[in-house]
Amino acid sequence: MTTAEPSSSPPIRRRRSAFLGLLAAAAAGALSACSPIKLLNGLVPGDTYRFEGGIAYGPAPRQRLDVYQPLPDALPVSGQRPLVVFFYGGAWTGGDRASYRFLGEALAARGAVVVVPDYGLSPSHTYPVFVRDSALAVKWALDNAARLGADPKRVHVMGHSSGGYNAAMVALDARWLAELGASPAQLAGWIGLAGPYDFLPIGDRDVQLAFNWPDTPRDSQPIAHAGAASPRTLLLAASKDNLVYPERNTLRLAAALRAAKVPVDVHLYDNLSHVTLMGAFARPIQWLGGPVLPPVVEFLGLPSAASYKARR
């Protein structure tokens, strides 16, 4: 999914399955091109977190989520841990929660409870279904934070690419949580990784279907909801991202939030791409161009180093 900066260019270009191919190349041969995500996740430690998968947060088949919890002796202690609900990208047409074990491990090993939901995908589900699914997953997290050993007052939403859009809409547009009896005011903050926040008009056919173009309302854009009530924000992007342009999206949203006096921290990376910005969270290739993990860890109030004691 792509968003262009120049007004004369179509704001959204075709993304498709670039994630796997580019991640394989970026890993400089460390990953096989046949199935880089599976190999990447296979290199991630399995003894640095506790896992519970396939939990229903709603009745639909794709309303399922996975939970990554810190080990019992990890810091911060149970009840003081932040909780992160992470939404993956895929142009609203693809993706699955199982592919993001590397993200769950990276944050759980440092003391965060991580929730990774699936959500309805286009063309079967179009806007605002995937936003409503995202809000429902966040409501589940708010309701279950204490049971999972997290602080209910330290729930964050986070997303990459089109998942960054989902996170932004839940955090900035109060309608979706309000439908569920909740509010963005209950969030401790939100994190956007190369998200599209201002992408009308839509040129890509798949994204047109996802957003019912040309009948896409202006208030479908996260930037339209930046205001004084918005949660504190961390925005990360690759400075040369040619899929979701940071000038049009990350920097413009940051300016709107700052104008509303919302605390915003922005990090642009010269040596990362739209894809490797996400891949660099994985322990085996955290050396890629970043670092992306330290500002996220700091934003969440976590120790700078993993605090687990691996099981023997």
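The values are calculated or read from the model by the stated rules, or taken from the named source; none is laboratory data. It should be emphasised that the depicted structure is a prediction, and the values quoted were computed from it without experimental measurement. Cβ: placed from backbone, ideal geometry, glycine included. Neighbour counts: every protein chain shown. Quick note on the areas: whole protein, heavy atoms, side chains included, nothing else; ligands and nucleic acids left out. Shrake-Rupley method; radii C 1.70, N 1.55, O 1.52, S 1.80 Å.
Some notes on this structure:
- Restricting Gln208, Gln221 to residues that are open to solvent by 30 Å² or more (accessible area, probe 1.4 Å) and more than 16 Å from Leu136 (Cα to Cα) narrows the list to Gln208.
- Hey, Asn242 touching a residue at least 60 places away in the same chain (Cβ under 8 Å) and either of a type in the set (Gly, Ala, Ser) or assigned to a loop (DSSP other than H, G, I, E, B) (or both) or not: yes
- Filtered by the rule that a residue be within 18 Å of Val275 (Cα to Cα) and either open to solvent by less than 10 Å² (accessible area, probe 1.4 Å) or of a type in the set (S, T, N, Q) (or both), segment 235-258 gives Leu235, Leu236, Ala237, Ala238, Ser239, Asp241, Asn242, Val244, Pro246, Asn249, Thr250.
- Within segment 98-107, being under 14 Å from Gly53 (Cβ atoms) and buried (at least 22 other Cβ atoms within 10 Å of the Cβ) holds for Tyr100, Arg101, Gly104, Glu105.
- Matching residues in segment 21-61 - criterion: being at pLDDT below 50 and either in contact with a strand residue (DSSP E or B) (Cβ under 8 Å, 6 or more places away or on another chain) or surrounded by fewer than 18 Cβ atoms within 10 Å (Cβ to Cβ) (or both): Gly21, Leu22, Ala25, Ala28, Gly29, Ala30, Ser32, Ala33, Cys34
- Verdict on Asp206 being in contact with a Lys or Arg (Cβ under 8 Å, 6 or more places away or on another chain) and modelled with pLDDT under 95: yes
- Applying the set (1) open to solvent by 30 Å² or more (accessible area, probe 1.4 Å); (2) more than 22 Å from Phe86 (Cβ to Cβ); (3) of a type in the set (A, V, I, L, M, F, W, C); (4) assigned to a loop (DSSP other than H, G, I, E, B) to Ile202 leaves exactly one unmet item: (1).
- Failed item, numbered, when Pro217 is tested on (1) more than 20 Å from Met169 (Cα to Cα); (2) over 19 Å from the mean Cα position of the chain (by Cα); (3) not hydrophobic (A, V, I, L, M, F, W, C): (1)
- Checklist (1) within 20 Å of Ala306 (Cβ to Cβ); (2) modelled with pLDDT under 95 applied to Pro82, failing item: (2)
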